[in-house]
Amino acid sequence: MADLIFWLFWGLTVASASIVAFSKNLIYAVFSLLGTFIGVAAMYIFLNADFVAVTQIVIYVGGILVLLIFGIMLTNRITQTVISESSFQKMFGLTVVFAVLIMVLIPVLGHTWTNGEPMAFQETIHQIGTLLFTDYILLFEVASILLLGALIGAATLARKER
Amino acid sequence: MNYFKNIYIAISTLMTGMKLTLGYFVRPREYVTLQYPDEVWPIPERNIGTGELASYNVIRSKLHVDIDDCIGCKKCERACPVGCISIDVLKGDKGEDLGVTKNGTSIKLVVTKHQIDMSECMFCDLCTHPCPEDCIYMEADYRFERNDNKRKDVTVKERWRDRSTLIYDFAKIAQEDVDARTAKIEEENRLKAEEKEKAMAEKLAAAAAKQTAKADAEQTQNVKADVETTLFKTTEGGES
Amino acid sequence: MIESMANWFLSLTWFPQMELASVKLLSVLLVGAGLFAFIAVNAIVLVYVERKVSAFMQVRLGPMRVGPYGTLQTVADALKLLLKEDIIPTLADSILFRVGPFIILISAIVAFAAIPFSPTVTAADMSIGLYYIVSISSIVVVGIVMSGWASNNKWSLYGAMRSAAQIVSYEIPVGLTLLAVVAMAGSLNMNEIIIAQGGSSNLFHWIPLPLPNWYMFNNPFLFIAFFMYIIGATAEINRTPFDLPESESELVAGFMTEYSGIRWALFFLSEYANFTLVAFLTAVVFMGGWQSPFETIFAAKTSLLVLLALALAWTGYVKTKANRLSIYPLAIIGLSTIAAWLFPGFAIWITEPGLFWIAMKVLSLIFLLMWFRWTFPRLRVDQLMYVSWKVLMPIALFNLIGVATWMWLTGEIQF
């Protein structure tokens, strides 16, 4: 039964991702990103990573998706925007795609997968918190300084010159 | 410091507003709203004008007729610009006492119908002024509604179109009385008419005799004129 | 709750023998349907309550004609909305126009999964409950922008943009105030946050006024945080005085201008669902959730006596001031006091945690938010942003640091 739900979310993710990739309408592409993000969050939950799943929704849906929507809506003539569909250098593109596919497939097929017992669910948040503030404190601080820099930079750019 | 002062002012003013609304919330129900068909505002006195116009009734909501004072002069009917008043009167019997109005005028006519269609009335108040007895006037009663929502014999649309309840008939006289009076008057009229006919017939006979004598004398003259006109016409016709 | 429900199903004799997973799925569906029914009935009741509260605050009567005291008015309105024609404007984007309301409604319902209604009734007692609710409520923005854009109407688009900007801005101070509580509780689990607020203590631990040990009375910083959370949450659910996205006088109805009938009803449903969600969240995080405010039976009896004295004083005050009898508060508290002193069972019942207490807290918070709505005028857009970024944000950061300092001073954390 859990498999059924898994495949449902798999379908949601793949379908909405393909809309993002193939839709000629920019707005549909952006809004179907919602399905992709939620599907990916569900994947995280199937991997027992509840904190990461919820963070995925907060950051990607609450932050990045809204930012994308804003960006597109503040553009002039959203409805008339034509995405250039003329594909050029088809051979080269196909080669790259197949190369990447093979590169992914080699380890997947080469690995001997075992059908183990599903892991019992256990909360991850305490471990994440402890690790963030002990082993990875440097990375955490560097990331926060980076974000602070981005914030100040954005504020400087947006400021009106007097 | 201005920043903190702003926050303080914001919070204190919000608290003032909230206190006010809570006060209204817990106060006993001194509502302005009335549950209309169940409760109504008291209707003010008829004359609420002031000064020179103290007797002037400014509230014009419904026409009313004191039918006991009506002398059936039909002045209001003639004054009405939209013709919403219709009055029928009958003569009273000879020597019959029909009463006296409040102004002391003795009533001569029996008002058999005094109908006002309030759906056509435009509340112009023009009918009230010509009335010699001041018996037609505007009332302050504004309620024309009726509660016949439960009526099943007509469809809803018919019920909405039906304005029969807006037609007010003020005449109090009973239908039998009207019939009796009408019959009596018709009888009288018939007798009178017969007499008249008789008189007329005699007159006609006399006139006819006179006519024949005159006609003989005129005949020769007429022939002459006819010939002249025909001749005149033919010459004109030829030219054209 | 899902586990215990599935086990209960399997223990029934007439229940067909199924796999545990299937029974769990069935339980999940049942719980979801139950939540939806709760939200629908709740919206109908709250609309009636809101109309009555607004009427009383404006010296009116409110709905009176349908049913006794107009109690069936919202039922009639809901029926009317269900029967109304579903209009989709010709130039609207019909797919997004249809999907938008559902995204908003689903995000509102799904957030209820983590709400603890009582110690045993929690749809999903997850370890990251609070974070989950905060994250799910951010999906609403996408639905609002979707329906606003799909309407192909400048007012709708304005409303959607305002709403998105507003929700995104106010998520930050709200998140920071909640973070202060999470730091105190040391957990994101809703039930653990509630359990941490059990018992009673003095106000701020040192002012000798015995109060329940709720986080809003725990220290001065959290006391401020409580009000800040209420302000931020009001803005996040787009209620007056922060109802710029749907301001009637400027934007007709904002992002729901073009909607009618059942789709408009979905908007209304999700609005009231979010409203209730915020009240529940406040009750859980700051007011001890399903915990009873009285720790012991003695405390309950004494507190009721104190309340009775207060009610008597109120009645006397009203009698002298306005020369009328205000009987209801006195009657309710008096009856409860007598019941608590005469029947030990009643006293035990009011000291036990459960659905009753969270319902009382949620109802009073809902009344507070309605009170806000019918008192305050709407903010201007620049004022809205000012309040969020220049007032709430600095105070929230200050509060966070203050809470940490308080915890260090009282010895709750050691370095």
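The values are calculated or read from the model by the stated rules, or taken from the named source; none is laboratory data. Everything quoted here is computed from the prediction, not taken from an experiment. Note that each Cβ is placed from the backbone with ideal geometry, even for glycine, and that neighbours are counted across all protein chains shown.
Observations on the structure shown:
- The residue list A:Ala150, A:Ala155, A:Ala143, A:Ala120 contains one member that is small (Gly, Ala, Ser), outside the structural domain of A:Leu47 (by TED's automatic domain parsing) and in a loop (DSSP other than H, G, I, E, B), which is A:Ala120.
- Here C:Gly261 fulfils each of the conditions (1) buried (at least 17 other Cβ atoms within 10 Å of the Cβ); (2) on the phi > 0 side of the Ramachandran plot apart from (1).
- Helices (runs of 4 or more DSSP H) contained in the stretch C:133-235 and holding at least 3 residues out of contact with any Lys or Arg (no Cβ under 7 Å at 6 or more places or on another chain) and away from chain A (no Cβ under 11 Å): C:154-185, C:190-195
- Some residue of the stretch C:328-336 being at pLDDT below 85, more than 30 Å from C:Val134 (Cα to Cα) and touching a Lys or Arg at 6+ places or on another chain (Cβ under 7 Å): no
- Among residues that are among the charged types (D, E, K, R) and not assigned by TED's automatic domain parsing to the domain that holds C:Ile262, C:Asp77 is included.
- Residue match in the stretch C:346-366 (condition: within 30 Å of C:Gln58 (Cα to Cα), at pLDDT below 85 and among the charged types (D, E, K, R)): no
Here's the yes/no breakdown for (1) of a type in the set (S, T, N, Q); (2) more than 21 Å from C:Ala225 (Cβ to Cβ); (3) out of contact with any helix residue (DSSP H, G or I) (no Cβ under 7 Å at 6 or more places or on another chain); (4) in contact (Cβ under 8 Å) with a residue 60 or more places away in the chain:
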position: C:Arg373; (1), (2), (3), (4): no, yes, yes, yes
position: C:Arg380; (1), (2), (3), (4): no, yes, yes, no
position: C:Tyr386; (1), (2), (3), (4): no, no, yes, no
position: C:Lys390; (1), (2), (3), (4): no, no, yes, no
position: C:Ile401; (1), (2), (3), (4): no, no, yes, no
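- Here C:Thr315 passes the criteria (1) loosely packed, with under 13 Cβ neighbours inside 10 Å; (2) outside the structural domain of C:Leu222 (by TED's automatic domain parsing); (3) not charged (D, E, K, R) except the one numbered (1).
- Pick from the stretch A:50-75, criterion facing chain C (nearest Cβ under 7 Å), of a type in the set (A, V, I, L, M) and over 13 Å from the mean Cα position of the chain (by Cα), ranking: farthest from A:Gln127 (Cα to Cα): A:Met73
- Filter result (free of Cβ contacts under 8 Å to residues at least 60 places away in the same chain and farther than 18 Å from C:Phe227 by Cα) within the stretch C:196-210: C:Ala196, C:Ser201, C:Asn202, C:Trp206, C:Ile207, C:Pro208, C:Leu209
- Here the condition is being over 23 Å from the mean Cα position of the chain (by Cα) and either within 14 Å of chain A (Cβ to nearest Cβ) or at pLDDT 85 or above (or both); of C:Leu130, C:Leu105, C:Leu61, C:Leu79, it holds for C:Leu79 alone.
- Some residue of the stretch C:9-18 being in a helix (DSSP H, G or I), exposed (fewer than 13 other Cβ atoms within 10 Å of the Cβ) and within 14 Å of chain A (Cβ to nearest Cβ): no
- Of all residues in the stretch C:323-334, exactly one satisfies the criterion of being within 29 Å of the chain's Cα centre (by Cα), more than 14 Å from C:Val306 (Cα to Cα) and not aromatic (Phe, Trp, Tyr), namely C:Ala331.
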